[in-house]
Amino acid sequence: MYPLKKGKTTSQAHVGLPEGTYEEEHGRKGFYGKSAHLYHTHPPTGWIRFEGKLRPHCLDLNQLTPTDLTDPCGAPVAFMGNQDVTVSVSRRSAAMPFYYRNADGDELIFVHRGEGTIETDFGPLEFEKGDYINIPRAVTYRVLPSTIDMAGRAT
C-alpha cells in the first residue's frame with residue numbers, strides 16, 4: 001500500500017508537522033489499524049459553536065467520590081454510559097486486595113495522573129501518566145498504584 005500525499009505533509013504521523021499546519025487523524029478502529037492524517041491551516045478544534053446533543057460537555061469529576069479512594073475493596077464510580085459503554089472514574093489509593101475480570105467486555109483505562117503496575121494473566125504491565133491501557137474481555141487483573149499524594153490519593 002502506498003499512501004496518497006498531497007500538499008504539505010510529514011513523513012511520520014505526529015512528528016515534524018509542517019510550519020503553520022495542524023494535524024487531524026481519522027480511523028475506524030480507535031488506536032489501531034489504518035488511519036488518515038489531514039493537515040489544516042487552522043486548528044480543526046477551533047470551533048465557534050456546537051449544536052445538538054453530541055456537543056462536548058464539561059463534567060466536574062472532582063465532585064465524585066469513588067469508594068476505591070479510601071477502601072481497597074471499593075470500586076470506581078460510573079458517571080456516564082448507555083447499553084454499550086460505561087464511563088467510570090477511579091482514585092484508587094492502595095493496591096487492589098483482589099483480582100478482577102470483566103467477562104462482559106473490554107476495558108480501556110486512561111491514566112490521568114500517577115503510575116504503578118497492573119498485574120495480569122500475561123504478567124505485570126507498568127503504567128504512567130498519559131497511558132491508555134486496553135484490557136481485553138475476560139483478562140484477570142489488579143491495579144497496584146505506586147505514587148500517593150499528600151491527601152493519600154493515588155496521583
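The values are calculated or read from the model by the stated rules, or taken from the named source; none is laboratory data. As the structure is a prediction and not an experimental result, all values here were calculated from the model. All Cβ positions, even for glycine, are placed from backbone atoms using ideal geometry, and neighbour counts span all protein chains on display.
Given the criteria under 17 Å from Leu64 (Cβ atoms), of a type in the set (D, E, K, R) and assigned by TED's automatic domain parsing to the domain that holds Thr140, does Arg92 qualify? For Arg92, the condition - under 17 Å from Leu64 (Cβ atoms), of a type in the set (D, E, K, R) and assigned by TED's automatic domain parsing to the domain that holds Thr140 - is met. Scanning the stretch 1-44 for residues that are of a type in the set (Gly, Ala, Ser) and under 26 Å from the mean Cα position of the chain (by Cα) yields Ala13, Gly16, Gly27, Gly30, Gly33, Ser35, Ala36. Summed over the stretch 14-34, the residues that are surrounded by 11 or more Cβ atoms within 10 Å (Cβ to Cβ) and touching a residue at least 24 places away in the same chain (Cβ under 8 Å) give a count of 0.
Annotation note: Cβ proximity below 7 Å between a residue of the stretch 39-50 that is assigned by TED's automatic domain parsing to the domain that holds Gly20 and a residue that is β-branched (Val, Ile, Thr) (sequence gap 6+ or interchain) occurs for Tyr39/Thr9; Tyr39/Thr21; His40/Thr21; Thr41/Thr21.
The set of residues in the stretch 86-141 being surrounded by 14 or more Cβ atoms within 10 Å (Cβ to Cβ), part of a strand (DSSP E or B) and in contact with a Leu (Cβ under 6 Å, 6 or more places away or on another chain) consists of Val89, Gly116, Thr117, Ile118. Yes or no: the stretch 45-63 includes at least one residue that is surrounded by 10 or more Cβ atoms within 10 Å (Cβ to Cβ), in contact with a strand residue (DSSP E or B) (Cβ under 6 Å, 6 or more places away or on another chain) and either among the basic types (Lys, Arg) or in a strand (DSSP E or B) (or both). Within the stretch 45-63 (the criterion being surrounded by 10 or more Cβ atoms within 10 Å (Cβ to Cβ), in contact with a strand residue (DSSP E or B) (Cβ under 6 Å, 6 or more places away or on another chain) and either among the basic types (Lys, Arg) or in a strand (DSSP E or B) (or both)), the answer is no, since none of the residues qualifies. Condition check for Leu69 on (1) in contact (Cβ under 8 Å) with a residue 60 or more places away in the chain; (2) closer than 30 Å to Gly20 by Cβ: one failure, at (2). I'd like to know if the stretch 62-69 contains one or more residues that are farther than 19 Å from Val111 by Cβ, of a type in the set (Asp, Glu) and out of contact with any helix residue (DSSP H, G or I) (no Cβ under 9 Å at 6 or more places or on another chain). No: zero hits.
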